[in-house]
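Written below as structure tokens is the structure these notes are about.
The values are calculated or read from the model by the stated rules, or taken from the named source; none is laboratory data. Values in this document were obtained by computation on a predicted structure and should not be read as measured data. Cβ coordinates were reconstructed from backbone atoms using ideal geometry, including for glycine residues, and neighbour counts include every protein chain displayed.
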Amino acid sequence: MRFKDTSVLHTIIAGFLDHLIVDVGLAQLTVESYSSDLKGFADFLTRKNVADPKDIGRENILTFLAMMAARGYSPRTRARKISCVKSFFKYCAERGLLKEDPTLHLDTPRLPKRIPEYLEIHEVDALLAVVDTGTPETSRDRAMFELLYACGLRVSELVLLELHRIDLEIGCVTVMGKGSRERIVPMGIPALKALVNYLDHVRPRLLGPRRHNALFVTRRGKPMTRQSFWKIVKKNALKAGITKEISPHTLRHSFATHLVQNNADLRWVQVMLGHADISTTEIYTHVARHRLKQLHTDCHPRG
């Protein structure tokens, strides 16, 4: 994670990344994204012969933004990089490393909210229907699909689940989400049944004499990985005849969309998804409105 360059700037960036891990508790993938963005910013400053945050002015920031636009970076990518740079300078200012934060009055561009790709209920049913339970592996896959959709989990949360986080008696799962925040999510009857079958009859066959805390394991006795499950999702989507470009995250979007479409309280959806800010959850109200508009267009005589 640390840069090899020993300049003041790179040393401070390394300290900032450590701060994100230790103090803020950000996920490893998020910190790696910050690292990549800040390395690009530091390389830009090095070419400008700037090696200390105290020497960075507002004009440097504006030049960096103009360079990204000239190179064809999308508005969303530019917004992410701006947010990263602003967080870094806030960190520097709080530690007295700057006289003035050059990004203090720099606006992050407002972006149009993207409507996430999701599956209709009948498409979810079709996807689950093709995941047969004829082998230990496919029975495990069925339990993973059911739990992913029933609880709206991120794929990383699904594959990192451990046995002690499953409560079969009350039918809930305790999830460790982003920022090491825990949440409890009910799983529903179909997911509970699939999970009980997996735990009673399938997981012992996959593990054999081996022992592991991971809930979902492979025949080699290793935890399921994100990459492997992504391939399982793609394979079964193809079998189900689903032409949309889907990933495990599509089932999380489907979970939230179907709740909102059925008038679930947005605050409860936020809690179950593990969103820190309800504004992140509000995208699903846009999905619901988009769906209603499409229904009107398709079905109303004057649509």
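Yes or no, residue by residue, for (1) touching a Ser or Thr at 6+ places or on another chain (Cβ under 8 Å); (2) modelled with pLDDT under 90:
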| site | (1), (2) |
| --- | --- |
| T77 | no, yes |
| P109 | no, yes |
| E117 | yes, yes |
| H122 | no, no |
| V130 | no, no |
| D141 | no, no |
| L153 | no, no |
| R165 | yes, no |
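If you scan segment 232-258, which residues turn out to be surrounded by fewer than 20 Cβ atoms within 10 Å (Cβ to Cβ) and closer than 17 Å to C151 by Cβ?
S247, H249
Is at least one residue of segment 28-50 of a type in the set (K, R) and closer than 11 Å to P102 by Cβ?
no
Sort out which residues of segment 255-271 are part of a helix (DSSP H, G or I) and within 19 Å of I121 (Cα to Cα), and write them in order of number.
Result: F255, A256, T257, H258, L259, V260, Q261, V269.
Taking the residues in segment 244-287 that are among the β-branched types (V, I, T) and under 14 Å from the mean Cα position of the chain (by Cα) as candidates, determine which candidate is modelled with the highest pLDDT.
Ranking the candidates gives T250 first.
Just one of V175, V155, V196 is farther than 21 Å from Q28 by Cα and among the hydrophobic types (A, V, I, L, M, F, W, C); which is it?
Going through V175, V155, V196 in turn, the sole match is V196.
Looking only at segment 192-215, decide whether some residue is outside any helix (DSSP H, G or I) and at positive phi.
For segment 192-215, residues outside any helix (DSSP H, G or I) and at positive phi: present.
Taking the criterion of being more than 19 Å from H249 (Cβ to Cβ) and small (G, A, S), would at least one residue in segment 228-237 satisfy it?
No, segment 228-237 contains no residue that is more than 19 Å from H249 (Cβ to Cβ) and small (G, A, S).
How many residues does segment 8-27 hold that are crowded, with 17+ Cβ neighbours inside 10 Å and closer than 20 Å to E100 by Cα?
Within segment 8-27, residues that are crowded, with 17+ Cβ neighbours inside 10 Å and closer than 20 Å to E100 by Cα number 5.
Could you check segment 92-107 and list, in sequence order, the residues that are in contact with a Cys (Cβ under 8 Å, 6 or more places away or on another chain) and either free of Cβ contacts under 8 Å to residues at least 24 places away in the same chain or surrounded by fewer than 17 Cβ atoms within 10 Å (Cβ to Cβ) (or both)?
Within segment 92-107, just D101 meets the criteria.
Scan segment 160-190 residue by residue and report those that are of a type in the set (A, V, I, L, M, F, W, C), buried (at least 17 other Cβ atoms within 10 Å of the Cβ) and outside any strand (DSSP E or B).
Those that are of a type in the set (A, V, I, L, M, F, W, C), buried (at least 17 other Cβ atoms within 10 Å of the Cβ) and outside any strand (DSSP E or B): L160, L161, M187.
Based on what the data block shows, is G179 of a type in the set (G, A, S) and closer than 30 Å to I21 by Cβ?
The answer is yes for G179.
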